[in-house]
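See structure below.
Every read-out reported here was derived from the displayed coordinates using simple, explicitly stated rules and does not represent laboratory data. Bear in mind that the values here come from a model prediction, so they are computed numbers and not experimental data. Ideal geometry is used to build each Cβ from the backbone, glycine not excepted, and the neighbour counts take in all protein chains shown.
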Amino acid sequence: MGSVAGISVPPFRALLHALSRLPARARDRRFWFIQAMVLGVAALHTYTEAGGYQEPFGSFHHIPVTLFLIPVAYASLHFRLEGGILTGLSATILTTPNILLWHTTAFSFEGELTQLAVVVAVGSLLSWRVEREVRQRFKAEEASARLQVSEEKYQNLFEAAGDAILVFGAAGELLAANAAAGRLTGYTLKGLTAMRADALLQASGWEAVQRSVTADLPKPIHLSLVTNRGSQVAVEATCALVHSQEGPLLQAVLRDVTEQQRQQQNLQSYASLVMRAQEEEQRRIARELHDVPVQSMVLICRDLATLLQSSDSLPDPVRRGLAGVRERAEETLGLLRRFSRELRPSVLDDLGFGPAIQALTEELSRRLGFRVHLEMSGTSRRLAPDTELGLFRIVQEALRNVEKHAGATQTKVAVYFKEGRAGVAVADNGQGFRAPARLGDLTAEGKLGLVGMEERARLLSGRLEVQSAPGKGTQISVEVPA
Amino acid sequence: MSQIRVLLADDHAIFREGTRRILGEYPDIAVVGEAADGEEALRVAGQVQPDVAIVDIAMPRLNGIEVTRRLAAISPSTRSLILTAYDDDAYIFALLEAGAAGYLLKTVPGRELAEAVRAVHDGQTVLHPAITQKLVERLKASPHAAKEPQEPLTARELEILKLVSSGLSNKEVAAKTGLSVRTVEVHLTHIFNKLGVASRMEAVLHGLSRGWFPVEGIRQAGERT
Ligand SMILES: Nc1ncnc2c1ncn2[C@@H]1O[C@H](COP(=O)(O)OP(=O)(O)OP(=O)(O)O)[C@@H](O)[C@H]1O
Ligand SMILES: [Mg+2]
């Protein structure tokens, strides 16, 4: 088989190329057959002309040159372009002495040349067409071989995939399903391909699949699949539009996320249980602090104050000593109060969220040395105890972060009450930070503040928004139904 | 001389006991009832109709704010004096609105407590110095602190408010200004209306927040009148 690449190089180089392959051709019987035919025709030609037999043949003496068409055509068919050209060339070379020796009149010279030109032209044209044909057939064969390879590959993938794959027609008929799809749904593959999309995915699920493939950025969607036992399986579906000869097809790759969702839910209810237990514990400790140490410190302080005030007869050093003790006792009481307030602010329970936040910002202002601005809008009202506690803890934690990390010179807390909703926002002008896409990742570093805030927001059916960038300050906000 | 009849409402028995002992040293004060929670406080107050109720804020069943609010209906002549372990100024407005006449920390020495009972009984209001200090800071920072009343106080009204803020009773103000007690009362009503407040304490706090007189001029617990 000749080189396909040979056709695309310029004619002169094609000739050289063809000549360079002559030795290889020498092993081909057909090559020698062609040489024999060419030589035979040339010999016949020379015999008729040298022997002076033109006259008895009459006009038939032109036939030998015409006979060259036979080997030229044969070479073209077998050796394509190079065969046609080379054979035409060798016929021309072998005929040249005849022309020079015997075609001396202008008429016979031109006639002989025309005949040769026709032979070469027919050879070239024929071989060129053959060459083109062969090349196209070769390309088509190559393409179909490649297609077969890729189809096999897809088929293997399709069959062996761990994820269930379903292929639907545009009208929702199930055209193909793999083994994993059978395992997931509980149907046999035969049973599956007799089903329709809306039976398997429910009408809303099928609509979602169709919507997802027409979206600009197809994202995995969550569907629930109806199994052969009628139960539902939560799946994540990655859908794609596939163009085929039979028209557009929808391919859905399904992954079972039931377990994942269950774990997520367990984790969340675990987190909320932990949070509740923690709140309960904090409330208990605060109560304990209030009942025992705070009360006894209060009594000690009062006794000391009463003693100092009523006994004028005390010697001065004793009085000064007692005054010192009283001061330290008051300080200790102050610490106990603050501790108990942080654990569970009684203002929150007694007066509600608004006054508790106000007390919080005032205390922080005193500690930070600049004013923490509080902006209240809407009419402050009592909310459900869980909501008040949750929002309060979010603000408390956000302000703790401002104090600990921000290095801010301005901090603002905004609280608003709307019809059926309430929200808070804490903003500082400090150094800011790059929040990870998932706040949950912070737990790995032992940082629980933001995650806890997010969890509390979620438990109140709200979403925590964190806006921050290095040098841009930080804003934390949440709005919840209330 | 008739004694000032006092009710003690606190859930900590040791504290009640100590307070009873302290007040026992003052012959003009008599503890006539005790209660360990808010509901009991209201019940006992209904029975004994005390002159002064010393009420803790953090109490089981009903907190001190609620007790104060409901006392007005159960025992109208009772003045309530809040005595608490916490120095949260957040409670002050809720307490004033509920009708409390005084707000003291439990750490005050015995004599100041006795004096506060007398002052409250006299119709004065008493605030613990630590709480006044916090309150003034808060008032100065609050957005409506600088807001002037729609109708300014007259020079006489301002003088009367200043005297009230220094802890004088209506009678004493009358004596100092040469007005009749009745006229002082009328002036006070005008002041309340102009400031949009309901009590002497609130009027004083608003005056403070507008800088009409300094904190030092306010009657604090423990000061002698
Ligand atoms: N207001 C803020 N300004 C600047 N950086 C902040 C702010 N809030 C949070 N950060 C950054 O985000 C990180 C995570 O905050 P998070 O509250 O979750 O953890 P933490 O404060 O480090 O630890 P924990 O709250 O568990 O004691 C912080 O370590 C800090 O780098
Ligand atoms: Mg934190």
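What would the Debye equation give as log₁₀ I(q)/I(0) for region A:78-129 at q = 0.19 Å⁻¹, counting only Cα atoms as equal point scatterers? These q points yield log10 I(q)/I(0) values of -0.62.
Volume per residue of the convex hull around the Cα atoms, evaluated for region A:65-212, comes out as 177 Å³. Between amide H atoms placed 1.01 Å from N, distances below 5 Å from B:Val31 occur with B:Val6, all of them 5 or more places distant or on a separate chain. Take every Cα-Cα distance within region A:29-112, group them into 10 Å bins from 0 onward, and report for each bin the whole-number percent of pairs it holds. Bin by bin from 0 Å, the calculated values are 18, 49, 25, 8, 0.
Summarising the amide proton neighbourhood of A:Ala422: residues at separation of 5 or more, or on other chains, whose placed amide H is nearer than 5 Å comprise A:Val480, A:Ala482. Using a cutoff of 8 angstrom between alpha carbon atoms and counting only pairs six or more residues apart, the relative contact order for chain A works out to 7 percent.
Projecting the Cα positions of A:Met37, B:Gly99, A:Gln295 onto the charge dipole of the protein assembly as shown (unit charges on Cβ atoms of Lys, Arg, Asp and Glu, taken about the Cα centre) puts A:Met37 furthest along the positive direction.
About the centre of its Cα atoms, region A:194-245 shows a dipole size close to 120 debye [charges on the beta carbon of Lys, Arg (+1) and Asp, Glu (-1) only; nearest 20 debye].
Taking GluC sites (Glu not before Pro) in DSSP loop conformation with at most 15 other Cβ atoms inside 10 Å as exposed sites, chain B has its longest uninterrupted site-free stretch at B:26-222. Distance between the C-alpha centres of region A:151-179 and region B:88-107: 75 Å, rounded to the whole angstrom. If I take R0 = 30 Å and measure r between the Cβ atoms of B:Lys171 and B:Arg43 in this structure, what FRET efficiency does the formula 1/(1 + (r/R0)^6) give, to the nearest 0.05? After rounding to 0.05, the efficiency reads 0.30. Think of it as helices only: each DSSP H run of n ≥ 4 in the protein assembly as shown is worth -39500 (n - 2.57), and spread over all residues that comes to -18500 deg cm²/dmol at 222 nm. Between A:Ser311 and A:Phe138, the modelled label-to-label distance comes to 11.9 nm, taking each label 7 Å out from Cα in the direction of the beta carbon. For chain B, the relative contact order comes to 16 percent (Cα pairs under 8 Å, sequence separation of at least 6). Net length available on complete extension from A:Gln148 to A:His405 is 86.3 nm, with 0.36 nm assigned per residue and the Cα-Cα distance removed. Which lysines have a Cα less than 29 Å from the Cα of A:Lys139, not counting those fewer than 8 places away in the same chain? A:Lys139 reaches A:Lys153.
Taking amide hydrogens as placed 1.01 Å from N in the peptide plane, the amide H of A:Tyr187 sits under 5 Å from those of A:Asn228, each at least 5 positions away in sequence or on another chain. Working note: Debye formula, equal point scatterers on the alpha-carbon atoms of region A:2-154, no solvent; log10 I(q)/I(0) at q = 0.13, 0.17 Å⁻¹ is -0.66, -0.97.
Projecting the Cα positions of A:Ala425, A:Leu126, A:Ser346 onto the charge dipole of chain A (unit charges on Cβ atoms of Lys, Arg, Asp and Glu, taken about the Cα centre) puts A:Ser346 furthest along the positive direction. Convex hull volume of the Cα atoms of chain A, normalised per residue: 321 Å³.
Its Cα centre serving as origin, chain B has a Cβ charge dipole (Lys and Arg +1, Asp and Glu -1) of approximately 500 debye. Cα centroids of region A:259-335 and region B:165-186: how far apart, whole angstrom? Answer, in whole Å: 43.
Could you pull out every one of the lysines with an alpha carbon less than 19 Å from that of B:Lys134, ignoring same-chain neighbours closer than 8 positions? Excluding near neighbours in sequence, the set is B:Lys106. Considering only alpha-carbon pairs that sit under 8 angstrom and 6 or more positions apart, the relative contact order computed for region A:260-344 is 47 percent. Which of the residue pairs A:Lys412/A:Lys447; B:Lys171/B:Lys194; A:Lys219/A:Lys472 have a Cα-Cα distance greater than 29 Å in the structure shown? Over 29 Å apart, Cα to Cα: A:Lys219/A:Lys472. In region A:161-256, the convex hull through the Cα atoms has an average projected area of 5.6 nm², a quarter of its surface area. The angle between the Cα long axis of helix A:11-20 and the main principal axis of chain A comes to about 80°, on a 0 to 90 degree scale.
The calculated P(r) of region A:349-482, using every Cα pair and 10 Å bins from 0, goes 12, 45, 34, 8, 0 in percent. Net charge of the neighbourhood of A:Phe370, taken over other residues with C-beta under 12 Å away and scored Lys/Arg +1, Asp/Glu -1, is +2. Ordering A:Gly52, A:Leu174, A:Gln148 by Cα displacement along the dipole of region A:21-177 toward the positive end leaves A:Gly52 in first place; charges were set at the Cβ atoms of Lys, Arg (+1) and Asp, Glu (-1).
Temperature 37 °C, viscosity 0.692 mPa s: under these conditions the Stokes-Einstein estimate for region A:226-362, based on its Kirkwood radius over C-alpha pairs, is 152 µm² per second. Just so you know, the Cα atoms of region A:109-179 work out to an Rg and Dmax of 26.3, 81 Å.
Each label point was placed 7 Å from the Cα along the Cα-to-Cβ direction; for A:Ala203 and B:Thr189 their separation is 7.4 nm.
Under 13 Å of direct C-alpha separation, and excluding same-chain neighbours fewer than eight residues apart, A:Lys404 reaches these aspartates and glutamates: A:Asp428. Starting at 0 and stepping by 10 Å, how many percent of the alpha carbon pairs of region A:203-259 end up in each bin? Reading upward from the zero bin: 23, 49, 24, 4. For region B:4-124, the Kirkwood hydrodynamic radius comes to 13.7 Å, computed from all pairs of different C-alpha atoms. What you get for region A:243-289, charging only the Cβ of Lys and Arg (+1) and of Asp and Glu (-1), is a dipole of about 220 debye around the Cα centre. Both radii are taken from the alpha-carbon atoms of chain B; with Rh as the Kirkwood radius, Rg/Rh is 0.97.
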